[in-house]
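To start, the structure itself, in C-alpha cells.
Here, each number is a calculation from the coordinates, and none is a lab measurement. Everything quoted here is computed from the prediction, not taken from an experiment. Heads up, the Cβs are rebuilt from the backbone with ideal geometry, glycines too, and the neighbour counts pull from every protein chain shown.
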Amino acid sequence: MPSSRAVWLGARFTALDGVRGARTDRDMPEVSAAFLELGTVRLELLRAGPGPQAGPTLIYLHEGLGSAQDWTGLMLRLVTETGLGAVAYTRQGYGASSPVERPRPLDYLEREARDVLPAILDALSIHRCVLIGHSDGATIATLAAATGDPRIHGAVLIAPHVFAEDVTLAGIEQAKAAFERGGLRRALARRHDDVEGAFYGWCDAWLAPLRRDWSIVPALCGVTVPIAIIQGDKDPYGSSRQAELIAQYSHGPVGITNISDVGHFPHRDKPEIIEQEIMNLIRI
C-alpha cells in the first residue's frame, strides 16, 4: 500500500457552482479542497460535512471526462439533507490530479476499483461508505462493490457501463470528432490541466479494438449490497440493457429508475430524482 497524506488548500467552493475561492453562504456547509498524495500520485480531493466518525461517507466518482468538481452542488445539498460527510476525488489524468501515462491499460476501471479507491478509503480512515458514480465512475463503483469490501454499504449508479455496447462506442467516436474540431477541447481545457491526456486517455482506451470484447458482467455476482441505478432514455452512451444486466446478475437488492427525455447527465437534468434515489438508498 503506498504511503499517503492530504495537503489541504485554502480554497473554498460555493454551494452550487464550484468556483475556486468563492465565498460560501453561511447557512451552507463548505467544500474543502485538498490534494491527497498516494505514493507518487497526487489526487485532487473535495470534502464536505462531518468526518467518517459521524456515519457513512458519500463517495462521489466522476465520469470519463469529468472531475471532482462535477459534484459540488449535489454534495452540498446532500450534506445539508442527510448530515453525512461527502468526498469526491479526481482520478489520475484528470482535473488538477497527476497526469497519467498513455495509453491507459484496458483494465483501467478495474484497477481503479481494486487498488486506488481502497487506498483512498484507507488514507481518509473511511470505514463505512455509499458510492455514487456516473458513467465510468459508476462502473468503478460497481466493480468496487463486487469486491466485497465491507466498508461499501451500497451504490448509486448513474448511467453505468458493464459491457462495451455499440451505442457507447458510437457516442465516443462522436465525442472524438467534436474534440478534434476544437469545441469540446476548449470546453474541457477549462477543467483539466492536461486536456489531451484527459481526453485521449479516455477515448483511446474505449476505442481500442480489444475493447469490443470488454465486459464486467461475470463480476456482478459479487455485488450483494443495495444498488440504485438511474438511466436516461436518451443517453447517447448507453441503453437500459446496462442496468438490466446489473439487476439480473447481482445478488443484492437492485432498483432501476428510467428517466424520460434525459441524456447522459440525469444528475444535472433531473437532480431532484437523483437526490431522492440517494436518500432512499441510505435509508436501507
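Just a few scattered comments:
- Under 5 Å between amide hydrogens, built in the peptide plane, is the criterion, and for ILE259 it picks out GLN231, GLY232, ASP233 among residues at least 5 positions away or on other chains.
- Note on the chain: Cα convex hull, mean projected area over all directions, 13.6 nm².
- Cut-off 15 Å between beta-carbons: net charge of the residues surrounding ILE216, Lys and Arg +1, Asp and Glu -1: -2
- Treating r as the C-beta distance of LEU207 and ALA247 and R0 as 30 Å, the FRET efficiency rounds to 0.60.
- Debye-sum result for region 93-224 in log10 I(q)/I(0), which assumes one identical scatterer on each alpha carbon, at q = 0.09 Å⁻¹: -0.29
- Applying 1/(1 + (r/R0)^6) with R0 = 22 Å to the Cβ-Cβ distance of ARG190 and SER32 gives a FRET efficiency near 0.50.
- Vicinal HN-Hα couplings computed from phi for region 178-191 (Karplus, 6.51 cos²θ - 1.76 cosθ + 1.60; Hz; Gly/Pro x): 5, 5, 6, 6, x, x, 5, 4, 5, 5, 6, 5, 6, 10
- Treating each Cα of region 167-236 as one equal point scatterer and applying the Debye formula with no solvent, the log10 of I(q)/I(0) at q = 0.12, 0.14, 0.18, 0.21 Å⁻¹ comes out as -0.48, -0.63, -0.90, -1.02.
- Cβ-based net charge around VAL87, under 12 Å, with every Lys or Arg adding one and every Asp or Glu removing one: 0
- Phi-based couplings in Hz for region 65-72 (Karplus 6.51, -1.76, 1.60; Gly and Pro marked x): 10, x, 7, 4, 5, 4, 9, 4
- Computed E for THR224/ARG181 - FRET, C-beta separation, R0 35 angstrom, nearest 0.05: 0.20
- Most mobile of ILE140, ILE227, ILE216 in a GNM of the chain (Cα contacts under 10 Å): ILE216
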